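Please read the structure below before turning to the comments.
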Amino acid sequence: MSRADWSRPALFLVEEVPTSGVVTLEGAEGRHAADVKRVAPGEVILVGDGAGTRARAEVTAVGKGHVTAEVRETRTDPPSGTRLVLAQALAKGDRGELAVETATEAGIDAVIPWRAERCVTQWDDGPRGAKQLARWRSSVTEAAKQSRRAWVPEVAEPMTTNQLARRLEHSTALLLEATAEVSVADVALGEEVVLLVGPEGGVTEAETERLVAAGATPVRLGPDVLRTSTAAAVALGALGLRTGRWDA
């Protein structure tokens, strides 16, 4: 099988990927396949569990809101050698969702919503905050499906700066800062890299000191200042080349 065989067909998520036999898409995925994508009998689709396993399956029947397919081949992709984690500051409007969506397309493995001090928006601990978190998780899932990714990035519960600092132990933490003296191309990378992207108003001096004390290294991407919604994707492009992710 060529790479195209695992990247061109539409991907749909199921709880468990069978190694053979029939797989049925129902619920939201079934409606998306049958009513939106309008897959047809004889068409090849991908089904995946979001945890590394995917299957190529040939559609055998299509009904209202459900699709049946015969599994032809399965494969399991191991996790990437270098785990990339994005700590993304909360952003107003849909900019946060855009940030995690493009980061997923660029290869992130996990996302941590960051309650930085200068975030214009702040998620509460009640239903409204849960709704915002659900929107980020939905954005990540849809982006992973669009990219035909075997692994769907996990989106953690939001963290404050102090909580995030405690999370950085045993990780290579890179704090994006336009005025930093060190380039992202020059810093040594470990088995896990945590990329910290602050809010539009920037990271406070106290926060920077706290994160640096926890082991974070301020790094720059280039001469220009990027928006919080695009910075992660740009940084991940550089990290993807350094970690070999783009050659996988």
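Please quote Rg/Rh for the range 1-111 to two decimal places, taking the Kirkwood radius as Rh and restricting both calculations to Cα atoms. Write out the running numbers ahead of the final one.
Details: Rg = 16.0 Å, Rh = 15.4 Å.
Here the Rg-to-Rh quotient is 1.04.
From the square roots a ≥ b ≥ c of the eigenvalues of the alpha-carbon gyration tensor of the range 42-100, which class results: rounded (a/c under 1.5), prolate (a/b over b/c), or oblate?
Details: a/c = 5.02, a/b = 1.67, b/c = 3.01.
It is oblate, given that a/c is not under 1.5 and a/b is not larger than b/c.
Would you tell me the accessible area of residue 243, worked out with a 1.4 angstrom probe on the heavy atoms of the protein chains, in Å² to the nearest 10?
We get 40 Å² for residue 243.
With each run of n ≥ 4 DSSP H residues scored as -39500 (n - 2.57), what mean residue ellipticity at 222 nm is computed for the chain after dividing by its residue count and rounding to the nearest 500 deg cm²/dmol? The partial results should precede the final answer.
Working: 6 runs with 65 residues, N = 248.
The helix contribution divided over the chain gives -8000 deg cm²/dmol.
Report the number of Lys pairs in the chain whose alpha-carbons are under 23 Å apart, with separation of 8 or more residues or on distinct chains. Numbers along the way, then the final one.
On the way: 37/64; 37/145; 64/145; 92/131; 131/145.
Within the chain, the lysine pair count is 5.
Round to the nearest 10 and report in Å² the accessible area of residue 49, as given by a 1.4 Å probe over the protein chains' heavy atoms.
50 Å²
Just how much of residue 194 is accessible, in Å², when a 1.4 Å probe is used and the result is rounded to the nearest 10?
Residue 194 has an accessible surface of roughly 0 Å² with all protein chains in place.
Where does the range 164-231 land on Rg(C-alpha)/(2.2 N^0.38 Å)?
Working: Rg = 11.4 Å, N = 68, 2.2 N^0.38 = 10.9 Å.
That ratio works out to 1.04.
Going toward the positive end of the dipole of the chain, with +1 on Lys and Arg Cβ and -1 on Asp and Glu Cβ, which of 188, 219, 90 do you reach last?
Value computed over the given set: 90.
At R0 = 30 Å, how high is the FRET efficiency between residue 142 and residue 186 if r is their beta carbon distance? Nearest 0.05 is fine. Present the calculation step by step, with values, prior to reporting the outcome.
On the way: r = 35 Å, r/R0 = 1.15.
About 0.30, to the nearest 0.05.
Dimensions of the chain along principal axes (Cα, Å, largest first)?
Largest to smallest, the principal-axis extents are 60, 40, 30 Å.
Suppose we keep just the DSSP beta bridges with both residues in the chain; what percent of those would be antiparallel, to 5? Please list the in-between numbers first.
Details: 20 of 47 bridges.
That works out to approximately 45 percent antiparallel.
Expressed as a fraction of 2.2 N^0.38 Å, the rule-of-thumb size for a compact globular protein of N residues, what is the C-alpha radius of gyration of the range 63-147?
On the way: Rg = 16.4 Å, N = 85, 2.2 N^0.38 = 11.9 Å.
In units of the 2.2 N^0.38 Å rule of thumb, it is 1.38.
If r is the Cβ-Cβ distance from residue 170 to residue 16 and R0 is 25 Å, what FRET efficiency results, to the nearest 0.05? Please list the in-between numbers first.
Numbers: r = 32 Å, r/R0 = 1.27.
Efficiency at R0 = 25 Å is approximately 0.20.
Using alpha-carbon pairs under 8 Å, 6+ residues apart, how would you state the relative contact order of the chain in percent? Please list the in-between numbers first.
Working: 506 pairs, mean separation 48.7, N = 248.
Relative contact order for the chain comes out at 20 percent.
Rank these residues by their accessible area, most exposed first, probe 1.4 Å: 191, 154.
Details: 191 160, 154 105 Å².
Most to least solvent-accessible, the answer reads 191, 154.
Have a look at the range 46-193 and give its Rg and Dmax from the Cα atoms, expressed in angstrom.
So, for the range 46-193, Rg and Dmax equal 18.1, 59 Å respectively.
The values are calculated or read from the model by the stated rules, or taken from the named source; none is laboratory data. Small disclaimer: the values here were computed from a predicted structure and weren't measured. Reconstructed Cβ throughout: ideal geometry from the backbone, glycine too, with neighbour counts over all protein chains shown. For accessibility, only protein heavy atoms count, side chains too; no ligands or nucleic acids. Shrake-Rupley method; radii C 1.70, N 1.55, O 1.52, S 1.80 Å.
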